[in-house]
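Student: To start, I am sharing the structure in question, which I have written as structure tokens.
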Amino acid sequence: MDESLVQGSFLDTPLPLVLYRLWQQKRTGCVVLRGRKEARKLFLHKGLLALAKEALDEKGFLKYLTRQGLRPAAGRRRSGVPSGSKDKDSSILRLLSATDRLPAARLWREMESFFLESLTELFEWPEGGYDFVPISTIDLDLLLSGIFTPEAILQAIRRMTRLEAAVRWLGREAGAWQAIFPPHLSPAALEPHERYVLGLLAQEKSREEVYEASHLAKSQTQKVLYALACTGAAGPALPRSRSKTPTDFSFAEYDKILAAFKEKTAVIFRYISKEIGPVAASVMSKSLEEVNAWLGPNYPKITLNPDGCPELKPLLRAHGGLFREDDERNLNRILDEVLAAQVLMVKRTLGNEHEAALIRALER
């Protein structure tokens with residue numbers, strides 16, 4: 001494990017970036033957060049965020065439900081929820097789920113929304129530190145699990161209104177930035193204005209150049225850059241090769257790239273076919289429609305073969321047979337986008353738990 005993630009300060013590594021890196025390493029444990037006046041705990045299981053009973057702010061959750069109109073303040077006693085009870089048999093969640101007002105499914109959705117909202121508050125802490133403690137989650141009383149960490153980070157940052165910590169950290173990341181297009185975060189996962197800022201980084205730019213080029217207010221551009229950086233979609237540019245002339249390479253070198261890609265798409269197709277049967281091909285084709293829309297008219301359309309593997313021959317043929325380093329990067333980016341779109345389609349069709357299971361299968 002990266003030792004820098006064991007303990008640190010938010011001045012050096014902001015909390016959302018800590019969580020993202022722990023997700024990358026599939027860590028299981030507890031992140032103990034130290035603020036000015038309080039301490040909090042966040043739990044992860046194989047990199048995915050989880051909410052343990054001990055970390056649920058019950059008073060805060062009740063206030064949240066009141067704001068949502070699901071637990072009016074005047075009706076607290078009539079709802080049967082005690083003002084303070086530690087007995088598990090009369091826990092707040094058990095009592096709330098016993099009422100007609102909050103069926104179990106709705107209660108758990110609201111609890112997840114409250115959890116994601118509370119992340120925003122933690123991300124806005126102006127200073128503080130953290131300790132990561134590897135632990136087993138077997139003995140924990142987990143209320144929520146399998147929350148896809150990059151998406152949770154993205155949602156929490158979108159809600160941020162206090163940007164002091166984000167702006168301070170961005171100011172430390174000097175030099176050129178670039179778009180990265182990671183496979184876990186497809187364009188469909190981003191809002192249109194976030195895709196717009198990511199597009200500004202298609203060619204390397206300094207932060208100041210991005211601020212100047214952006215049609216968003218500077219504060220909003222900073223917020224998007226922060227979200228992209230903390231979810232692996234953008235960041236400081238990688239060092240350039242010292243070679244003055246790019247090296248050409250043949251299809252033989254592409255075979256390795258394409259073989260790995262086909263293997264992953266086969267895993268995805270087998271997984272969703274097992275779950276939903278013959279309509280899997282139709283679902284996967286819809287994911288390619290989103291990728292084709294993102295590629296635009298300059299690229300041939302990607303279609304789905306009967307075996308569930310995307311057809312790439314027109315795309316390769318369009319490049320004429322020999323490729324340069326920039327073309328290899330472009331193709332890798334396109335392949336990553338196809339995989340990300342297919343995983344996202346699995347999530348939309350089957351839910352978060354199946355998405356997490358599929359990602360684990362792809363990483364084996």
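Bear in mind that the values in this text are calculations on the coordinates, not laboratory data. Since the model is a prediction, treat every value here as computed from it, not as a measurement. Note: ideal-geometry Cβ built from the backbone for every residue, glycine included; neighbour counts use all protein chains shown.
Student: Within the set LYS46/LYS264; LYS26/LYS256; LYS63/LYS286; LYS41/LYS63; LYS41/LYS218; LYS26/LYS53, which residue pairs have Cα atoms separated by over 30 Å? Display every interim value, and only then the final one.
Tutor: On the way: LYS46/LYS264 20 Å; LYS26/LYS256 26 Å; LYS63/LYS286 41 Å; LYS41/LYS63 20 Å; LYS41/LYS218 33 Å; LYS26/LYS53 22 Å.
From LYS46/LYS264; LYS26/LYS256; LYS63/LYS286; LYS41/LYS63; LYS41/LYS218; LYS26/LYS53, over 30 Å: LYS63/LYS286; LYS41/LYS218.
Student: How large is ³J(HN,Hα), in whole Hz, for each residue of region 166-176 in order, when computed from phi with the Karplus curve 6.51 cos²θ - 1.76 cosθ + 1.60 and θ = phi - 60°, using x for Gly and Pro?
Tutor: Along region 166-176, the couplings run 5, 5, 4, 5, 4, x, 8, 8, 6, x, 6 Hz.
Student: Loop-only check: which trypsin sites (Lys or Arg not before Pro) in region 120-170 are DSSP coil with at most 16 other Cβ within 10 angstrom? Walk me through the numbers on the way to the answer.
Tutor: Numbers: sites: ARG158, ARG159, ARG162, ARG168; in loops: ARG162.
Answer in residue order: ARG162.
Student: How would you rank 225-234, 196-205, highest first, on the average number of other Cβ atoms within 10 Å across their residues?
Tutor: Working: 225-234: 24.7, 196-205: 17.2.
Highest to lowest by the protection proxy: 225-234, 196-205.
Student: Here is a follow-up. For GLY8, list long-range residues whose amide hydrogen, built 1.01 Å from N in the peptide plane, is under 5 Å from its own amide hydrogen.
Tutor: HN-HN under 5 Å from GLY8: TYR130.
Student: Amide H neighbours of LYS205 under 5 Å, at least 5 residues apart or on other chains, H built in the peptide plane: list them.
Tutor: TRP177
Student: Return THR161, THR28, THR303 ranked ascending by Cβ neighbour count within 10 Å, so the fewest neighbours appear first.
Tutor: Lowest to highest Cβ neighbour count: THR161, THR303, THR28.
Student: Can I ask one more? Order these by the 10 Å Cβ neighbour count, fewest first: GLU110, GLU311. Mind showing how you got there, number by number?
Tutor: Details: GLU110 18, GLU311 14.
Ordered from fewest to most neighbouring Cβ atoms within 10 Å, GLU110, GLU311 come out as GLU311, GLU110.
Student: Follow-up question, since we're still on this one. For region 115-124, what does the Karplus curve 6.51 cos²θ - 1.76 cosθ + 1.60, with θ = phi - 60°, yield as ³J(HN,Hα) per residue in whole Hz, taken in order and with x for Gly and Pro?
Tutor: Those phi angles translate into 4, 5, 5, 5, 4, 4, 4, 5, 5, 8 Hz.
Student: Let me ask another. At 0.36 nm per residue, minus the direct Cα-Cα distance, what do ALA281 and SER219 gain on full extension? Give it in nm, one decimal, please. Before the final figure, lay out the partial values.
Tutor: Values: separation 62, 0.36 × 62 = 22.32 nm, distance 4.28 nm.
Length gained, ALA281 through SER219: 18.0 nm.
Student: Modelling each spin label as a point 7 Å along the Cα-to-Cβ direction, I'd like the ARG159/ARG67 distance in nm, to one decimal.
Tutor: Output for this residue pair reads 0.7 nm.
Student: Which ³J(HN,Hα) values in Hz, rounded to whole numbers, follow from the phi angles of region 52-57 under the Karplus curve 6.51 cos²θ - 1.76 cosθ + 1.60, where θ = phi - 60° and Gly and Pro get x?
Tutor: Along region 52-57, the couplings run 8, 3, 5, 9, 6, 7 Hz.
Student: Quick query: amide H of LEU312 versus all other amide H atoms, modeled in the peptide plane; which residues come in under 5 Å with a sequence gap of 5 or more or a different chain?
Tutor: Distant-sequence amide H within range of LEU312: zero hits.
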